[in-house]
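The values are calculated or read from the model by the stated rules, or taken from the named source; none is laboratory data. No experiment lies behind these values; they were computed from the predicted model shown. Here the Cβ is made from the backbone with ideal geometry for all residues, glycine too, and neighbour counts use every protein chain on show. Heads up: the accessible areas ignore ligands, DNA and RNA and are worked out on the full protein's heavy atoms, side chains in. Shrake-Rupley method; radii C 1.70, N 1.55, O 1.52, S 1.80 Å.
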Amino acid sequence: MCGIFGMLGQNAVADTLKALKTLEYRGYDSAGIAVKDGNGIKLFKTVGRVENLKDAIPSEVYGTLAIGHTRWATHGEVCQGNAHPFYSADKNFAIVHNGIIENHLSLKYQLSSVGVDFSSQTDSETVAHLLQKNYKNSVLDSVLATANQLEGSFAIVVANTYDDNLYAIKNKSPLVVGINRDGAYFCSDVRCLSRWVDKVAVAPDNVVAVANRQSVAFYDFKGNPVSVKFFAVENAEEISGADGDYMLKEILEIPEKIRQAKQGYFKSGGLSLPAKTVHRVKRIYLIGCGTAYNSGLEAAAIARKMLSIDVIPVIASEFIYDNYPVDSYTLAFFISQSGETADTIRAVEKVREQGGFTYAVTNTQASSLCFVCDKVKNIYADGEYAVASTKAYNCQLVTLLLLLTDVSYLKGAIDDETRKKIVESIDVLPTAIDKVLSNSYQIAKLAEEIKDSSAVFFIGRTADYPTACEGSLKLKEISYIHSEAYPAGELKHGTLALMEKGVTVVAIACDSLQIDKMALSISEVATRGAKVVCVSPYSFENTALLSIPVVNRYLYGILSVVPLQLLAYYVAKRLGRDVDKPRNLAKSVTVE
Ligand code: AGP
């Protein structure tokens, strides 16, 4: 969940700072850069954003080799001393690292016993001292020796004073390598690189990369050459600074991205699994984390309206360590906007070990998830930079609905006419969502009324409950207000005790079969003093109603979440929060 970058080429300082700005979505507790010039390696680092780092670098500093880092703290508090890069004691090496060195304590003990002093509380600094200790007269040998001593997940970029190469060590954390005619780049994600390079490669695990101005060579940890395929990089959109917040921009893009998700699904071949493979499927998992898990929850609720086999949503970090049954009749969808979430990728490995079929549903081409799954489907939401996921959730739901509709049809659970009706019904969504967006002034007004709530509960039944989960996650992660999601029928079994003046309840009531039950749940909480907001195509007493258009029952999860995304955004803005980079979080959690 940190961002790492390294480059050989002109304007290394300016371009590294640009890259770090783009990588800030991966962590922004601190930032740092190390620049190699004629007199060794100069290192600058600050707490907070890249802007602070820019101010700390004297204008005359120039170099053609630089490494940089934006940090999301895992080991060691947020302070200047724990910011990357780290020097070796003799300052002949400087490193940046993303991941966790799991054996860092034993390595630290060994190094300290031979007199090495540590300047930080981090696991990463260990690498810099190991490089110095392992150096005899070849930097590559020192890097290989160091790589073999590390356990855990790491993407490390190394600058040194002995030669003009840039080195990287990669295992389990993301590392993309880019080249153009006069330079080479190492980076955490492909989008950040695309503005400089013509070709990229995704470094495989257990590899050392050595870059000079002309080429990049790869070696396994034994020093044997490894060939790695480069491919042309589609110019990911230039990540220009959005005026205002990425989160609002990305919510406003949802209607168009839903069109793109549907078009992209068919243009890329649809489900594209052989009918006989689908026919023998006896169990489907929908596995992900956070918002990606919530989209799996919602997709499973919809799939249960079509399929009679088990469709089971599971949180990836639970799946890894629990004993969910998997066999060759198992189809597992892995949902991940970034395609780099460590828990989700570990879950893929578990399903593969047990003979299941793994199907990635992701927003990021060339991400690690794409390389470990049997099949990949893009959701075509384009770059999503706000930490709070919005348009990707809506596009995940569109893509999962299409996938599960095709699975249901191939398994004979629905006929072709039903399938066609579901597919066509998606076309009304962009207009329906535009209507909700045009009502944003009412949502902003409501935000003002609920921003000081002591707690906010989101409730719903059946396919509205996953929407409640997603609405609750959106609100808490950017406003920092305590929030929980509950199946509406569950309140009376305990949580009702928490209802009092000052509490807000957001009821999602789109299921026409649950109207009376939802009215009952709403009156249960309203009579105990809670303020009730209701998102529904129907009207309910004792509530502030956020009305949404009537759509096909399969589509309410994609539509009814939009007022909740906006509500979270406006509440957080009114509380003065940084909606794009909320505290303690990162956009992509690449450690378990
Ligand atoms: C959602 O708003 C959060 N940013 C977080 O829960 C996120 O959905 C989760 O970490 C999964 O990320 P992924 O989709 O990139 O795997």
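Can you check what the net charge comes to around Phe357, using other residues whose Cβ is under 12 Å from the Cβ of Phe357 (Lys, Arg +1; Asp, Glu -1)? All intermediate terms of the calculation are to be shown ahead of the outcome.
Numbers: positive: Arg280, Lys282, Arg283, Arg352, Lys375; negative: Asp327, Asp374.
Summing Lys/Arg as +1 and Asp/Glu as -1 gives +3.
In percent, rounded to a whole number, the relative contact order of the range 91-238 is 20, using alpha-carbon pairs under 8 Å and six or more apart.
Per residue, the chain reaches -10500 deg cm²/dmol at 222 nm when only DSSP H runs of four or more residues are counted, each adding -39500 (n - 2.57). Available extension along the chain between Arg181 and Leu498 is 107.8 nm, counting 0.36 nm per residue and deducting the alpha carbon span.
Length gain on complete extension for the stretch Tyr62 to Tyr329, per 0.36 nm per residue less the alpha carbon to alpha carbon distance?
Details: separation 267, 0.36 × 267 = 96.12 nm, distance 5.83 nm.
The Tyr62-Tyr329 span can extend by a further 90.3 nm.
Would you mind checking the tilt of helix 12-23 against the longest principal axis of the Cα atoms of the chain, expressed as 0 to 90 degrees and rounded to 10? So the inclination is approximately 20 degrees.
Placing unit charges on each Cβ (+1 for Lys and Arg, -1 for Asp and Glu) gives the chain a dipole about its Cα centre, and among Asn542, Val61, Val207 the Cα reaching farthest toward its positive end belongs to Asn542.
Working from label points 7 Å from Cα in the Cα-to-Cβ sense, the Ala275 to Phe231 distance is 3.0 nm. Rounded to the nearest 10 degrees, the inclination of helix 440-450 to the longest alpha-carbon principal axis of the chain is 90 degrees. Give me the net charge of Ile67's neighbourhood, meaning all other residues with Cβ under 13 Å from the Cβ of Ile67; Lys, Arg count +1, Asp, Glu -1. So the environment of Ile67 carries a net charge of +2.
For Ile284, what is the net charge nearby, where nearby means another residue's Cβ is under 15 Å from its Cβ and Lys, Arg count +1, Asp, Glu -1?
Details: positive: Arg280, Lys282, Arg283, Arg304, Lys305, Lys375, Lys377, Lys411; negative: Glu298, Asp310, Asp327, Asp374, Asp406.
Surrounding charge for Ile284 is +3.
Protein-only accessible surface at a 1.4 angstrom probe places the residues Lys581, Lys54 in the order Lys54, Lys581, largest first. Each 20 Å bin from zero up to the one holding the largest Cα-Cα distance in the chain carries the following percent of pairs: 21, 49, 27, 3.
Which FRET efficiency value, to the nearest 0.05, do you get for Arg213 and Phe371 by plugging their Cβ-Cβ distance into 1/(1 + (r/R0)^6) with R0 = 41 Å?
Values: r = 28 Å, r/R0 = 0.68.
Approximately 0.90, to the nearest 0.05.
A Cα-only calculation for the range 319-383 places Rg and Dmax at 11.4, 35 Å. Dipole orientation for the chain: of the candidates Tyr162, Ala526, Pro274, Pro274 has the Cα lying most toward the positive pole (charges on Cβ; Lys, Arg +1; Asp, Glu -1). Between Ser112 and Leu575, the modelled labels are 3.9 nm apart [label points 7 Å from Cα along Cα→Cβ].
The protection proxy used here, the mean number of other Cβ atoms lying within 10 Å of each residue, ranks peptides 406-412, 343-349 as follows, highest first: 343-349, 406-412. Ordering Val13, Asn134, Ile515 by Cα displacement along the dipole of the chain toward the positive end leaves Ile515 in first place; charges were set at the Cβ atoms of Lys, Arg (+1) and Asp, Glu (-1).
Treat every Asp and Glu Cβ in the chain as -1 and every Lys and Arg Cβ as +1, leave all other atoms uncharged, and give the resulting dipole magnitude about the Cα centre to the nearest 20 debye.
Details: 61 positive and 65 negative charges, 121 e Å.
The calculation lands at about 580 debye.
The distance between label points at Ser119 and Asp205 comes to 3.3 nm (points 7 Å beyond Cα on the Cα→Cβ vector). When nucleic acids and ligands are ignored and a 1.4 Å probe is applied, Val535 ends up with an accessible area of around 0 Å².
Of the peptides 354-361, 481-488, how do they stack up when ordered by the mean number of other Cβ atoms within 10 Å, highest first? Don't skip to the answer; put the middle values down first.
Values: 354-361: 21.4, 481-488: 19.9.
Highest to lowest by the protection proxy: 354-361, 481-488.
Given the pairs Lys262/Lys476; Lys451/Lys581; Lys451/Lys492; Lys199/Lys257, which are separated by over 23 angstrom at their Cα positions?
Over 23 Å apart, Cα to Cα: Lys262/Lys476; Lys451/Lys492; Lys199/Lys257.
Be a star and scan the range 538-560 for residues whose amide nitrogen sits under 16 Å from the point 7 Å along the Cα-to-Cβ vector of Ser512. Answer for the range 538-560: 538-539, 548-557.
For the chain, what does the relative contact order come out to in percent, with C-alpha contacts under 8 Å and a separation of six or more?
Numbers: 1349 pairs, mean separation 69.6, N = 592.
RCO, the chain: 12 percent.
Given the C-alpha centroids of the range 467-482 and the range 527-558, what is the distance between them in whole angstrom? Cα centres, the range 467-482 to the range 527-558: 17 Å. If R0 equals 30 Å, the separation of the Cβ atoms of Asn439 and Lys249 corresponds to a calculated FRET efficiency of about 0.95. Go ahead and run the numbers for FRET between Asn224 and Asp164, Cβ-Cβ distance against an R0 of 30 Å, rounding to 0.05. Calculated value: 0.80. Take the range 482-559 with all the other protein chains still there, run a 1.4 Å probe, and you get 44 Å² of accessible area per residue. Length available on full extension from Tyr321 to Asp427: 0.36 nm per residue minus the Cα-Cα distance, which gives 34.1 nm.
Accessible surface for Asp516 stands near 130 Å², nearest 10, in the context of the full protein assembly shown (1.4 Å probe).
What number, in percent, do you get for the relative contact order of the range 470-592 if the mean sequence gap of Cα pairs under 8 Å and at least 6 apart is divided by its residue count?
Working: 150 pairs, mean separation 36.1, N = 123.
About 29 percent, as a whole number.
Scalar couplings 3J(HN,Hα) for the range 367-377, obtained by applying the Karplus form with A = 6.51, B = -1.76, C = 1.60 to θ = phi - 60°, are 8, 4, 4, 5, 8, 10, 9, 5, 9, 10, 10 Hz; x denotes Gly and Pro.
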